[in-house]
Structures are given as C-alpha cells and as structure tokens.
1. Pick from 50, 118: which is free of Cβ contacts under 8 Å to residues at least 12 places away in the same chain, in a helix (DSSP H, G or I) and surrounded by fewer than 16 Cβ atoms within 10 Å (Cβ to Cβ)?
2. Working carefully through the options 105, 177, find the one that is surrounded by fewer than 22 Cβ atoms within 10 Å (Cβ to Cβ), modelled with pLDDT of 80 or more and more than 20 Å from the chain's Cα centre (by Cα).
3. Are any residues in the range 70-95 assigned to a strand (DSSP E or B) and more than 27 Å from residue 248 (Cβ to Cβ), and if so, which ones?
4. If you check every pair at least six apart or on different chains, which have Cβ atoms under 9 Å apart with a residue in the range 145-163 that is on the phi > 0 side of the Ramachandran plot and surrounded by 17 or more Cβ atoms within 10 Å (Cβ to Cβ) first and a residue that is modelled with pLDDT of 90 or more and not in a strand (DSSP E or B) second?
5. Only strands (runs of 3 or more DSSP E) wholly contained in the range 184-282 count here; list those with 2 or more residues that are in contact with a strand residue (DSSP E or B) (Cβ under 6 Å, 6 or more places away or on another chain), farther than 27 Å from residue 46 by Cα and modelled with pLDDT of 90 or more.
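The values are calculated or read from the model by the stated rules, or taken from the named source; none is laboratory data. From a predicted model like this one, the values you see are computed outputs, not experimental measurements. So basically every Cβ, Gly included, is an ideal-geometry build from the backbone, and we count neighbours across all protein chains shown.
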C-alpha cells in the first residue's frame, strides 16, 4: 500500500447549528455533514486498521444470531437455494457455542444440530480472521485485509447507515509480498470503504474484482466477484457486521457456476469478557 504520510488528521470545520442530520442510531441527531479538509490518509488508514483489529477481537464478548444463506445462480441471475441456516452463537471459554435453531425454514434435526456444533463454522472463520491466517465469510479474505493491501484516495465525508464517515476509494495494491488467496484478492479488487469519522470503525464496504482470480493451481478462476459489508455499533464503542454478501462466477476446468452467499448478524448481547491474550480455540 503506497501512502504519503502527513502531519496528522486535519481538524474539521465547525458545523452550522441550523443543519442537523438525523442519525439512525437511537434517533439522536448526528453531526452535520459539512465540507471537510481531507484528513491525513496515512493516519486514517492506520487508525482504521487498529480499530478493525479491536472490533474483531471484541466479537468474543457477544452473544448473537447468525444466518447463512447460499444460492446457486443461473445464467440469468435467478437464485436457487442451496441451504439456509440460522444459529444462536454464544461465547464459550476461548471459543463459541454454535446452536443451529432453524434449517431451511424449519426446525433442524437433532443430529444436524450436533453436527453443526462440532463443525463450528463461525468459530473457525472467526479465529482465522483474528489471527490473520485464513479465510473470512467472504471466502478468501476480509474487508480488513483491504485496509492493508490496497492503494487509497480520499473520497470525501459522507453518511453511511446514518453515521458520518470518511469514504476511501481503493484500487488493487501492488504488494507482492502477500501470498495465497488473500494476496490474489488484494491485487484484483477495487471499490470503496466507509470509515466512521469518530472512532475509525469500518461501517460499509463495496468491492469488486477488475480481473479474474486464479485458484487451485490455476484449475479454477473466479470472475465478477462482488463483495459488500455493512456494520454498525453494538455497544461499548464496538462495531460489528450486520450483513456480508458475496456473489461470484467461477469456472472449474470447463464447468462454469455462479454463487451468492449472504451472512446476516443481529441481536447482539454482551455476554463475556475477552479471552486472555494469546488464547487459542480448543
């Protein structure tokens, strides 16, 4: 990521009192949106990276509901459901208990509840994200990775989900030192991130590939990948995702397919303290 460092965040002009903007957070007025001098980009990205790490770690404090929906898309974009799973996820020691409560619109069979608990799909992805060693919900990288791998330009001050945000427009980074699927995504994605003006939380992200991504020894290629993320406050100066969506076209050898994955999160309740530093899942 190539960024020219500056002297720090420039102060914003004092907003006019007569133009409040209504927030979607608790019905309280948000700070008015006024023209702002561009912030120091290096400071903004660095603080957003730091805050994203803290927000991801804080997920271990919360009980919440998670819904995972996967679809097969035909050539016209019509969706056929693959599965629709809803969980109640609760912190448990240094990991999570994942209880499947609905499956494809109805009660799940007891053996599937136990199978999903053993598989722990969220726990595996969460710890991979936290340690920076594996995949995220989007299938190969997280939006936080884009804060490390892309090149940025400042896009202005905008409202996102009722929250005043700095918009960062990004293009593929040129850091060849990042390997694996993460690096391939980082060198192929472009889009925008919205980072809260207060606290530097990631509030929204929209990204798309601008070139194919080769995977599995180049036997498969991903095309037209689109990823979106929406997040918001859950209490205690913590922002967590409410919705993550990914659509992609792929060709495995000569067989094409199109998929859409949608993950939703809600009903966050603080349940526990963070696990001790250095804790690992059992």
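1. After ruling out the rest, the residue left standing is 118.
2. Unique residue meeting the criteria: 105.
3. Listed by number, the residues that qualify are 88, 90, 91, 92, 95.
4. Pairs that qualify, where the first residue is on the phi > 0 side of the Ramachandran plot and surrounded by 17 or more Cβ atoms within 10 Å (Cβ to Cβ) and the partner is modelled with pLDDT of 90 or more and not in a strand (DSSP E or B): there are none.
5. Once the strands (runs of 3 or more DSSP E) in the range 184-282 are filtered for at least 2 residues that are in contact with a strand residue (DSSP E or B) (Cβ under 6 Å, 6 or more places away or on another chain), farther than 27 Å from residue 46 by Cα and modelled with pLDDT of 90 or more, what remains is 255-270.
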